[in-house]
1. Can you compute the modelled spin-label distance between Glu104 and Ser147, with each label point 7 Å from Cα toward Cβ, in nm?
2. Provide the FRET efficiency to the nearest 0.05 for the Arg81-Arg40 pair, computing r from the beta carbons and using R0 = 35 Å.
3. Placing +1 on the Cβ of each Lys and Arg and -1 on the Cβ of each Asp and Glu in the chain, which of Ser88, Ser45, Trp126 has its Cα farthest towards the positive end of the resulting dipole?
4. Pop out the carbon and sulfur fraction of the accessible area of the chain as a percent, whole number, probe 1.4 Å.
5. What does the charge add up to near Val27, with Lys and Arg as +1, Asp and Glu as -1, over the other residues with Cβ less than 15 Å from its Cβ?
6. Using only alpha carbons, build the gyration tensor for segment 1-125 and give me the equivalent ellipsoid semi-axes, biggest first, whole Å.
7. For the chain, modelled as a Gaussian network with Cα springs under 10 Å, which listed residue fluctuates most, Ser98, Ser147, Ser45?
8. With each label point set 7 Å from Cα along the Cα-Cβ vector, what nm distance links Ile19 and Asp136?
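The values are calculated or read from the model by the stated rules, or taken from the named source; none is laboratory data. Worth saying up front: this structure is predicted, and the values here are computed from it rather than measured. For neighbour counting, all protein chains shown are included, and Cβ atoms are generated from backbone atoms with ideal geometry for every residue, glycine included. In case anyone asks, the SASA skips ligands and DNA or RNA and just uses the protein heavy atoms, side chains included. Shrake-Rupley method; radii C 1.70, N 1.55, O 1.52, S 1.80 Å.
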Amino acid sequence: TFNSHPYVMTAMNEFLQRIDAPEIEAVYKGLDEIWEGRARALNRSLAEHNFPLQVSCLQSIWTVLYTRAGCYHWMFQFYLRAEGLMLSWVGSGRFIFSHAYRDEDFREVADRIVTAARKMAADGWWWSDHHSSDRDIDRAIMKRALSVLFSRTPGTP
């Protein structure tokens, strides 16, 4: 509740007073099916291109999930940004969409997600040896970092 901030509490009070009104119920009717259908379509497209990611949703709140281990998945947010899309919080892999999105609006977003993944693949960042786990990759990165850190002679940057 953002520490019971008066603006948030006022907005929530308005929401709770109106949620049961027929015109508001109509807005929410069928949203699960709409957004789940959009997620299925995007996941089909991502799988057809063999990209190591998929999406999961709770209506219009979406999470990007990676389907195989890799060290550079975090860079996907920058490819998305280059296509005009921003994750809601850096590192979260989360999109939050307006319920007002029409199918044609969402197709544009889905196309941008696929384009970002395609460009990332073309640049070689979806690299994976298909045998490593996330834990193996974390260990390898730590070993490299430690070897660099301890290979320096004192007094050198």
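1. 5.6
2. After rounding to 0.05, the efficiency reads 0.90.
3. Trp126
4. Here it works out to 57 percent.
5. Values: positive: Arg18, Lys29, Arg102; negative: Glu14, Asp20, Glu23, Glu25, Asp32, Glu33.
Summing Lys and Arg as +1 and Asp and Glu as -1 gives -3.
6. Result for segment 1-125: semi-axes of 32, 18, 12 Å.
7. Of the options given, Ser147 has the highest mean-square fluctuation.
8. Calculated label separation equals 4.7 nm.
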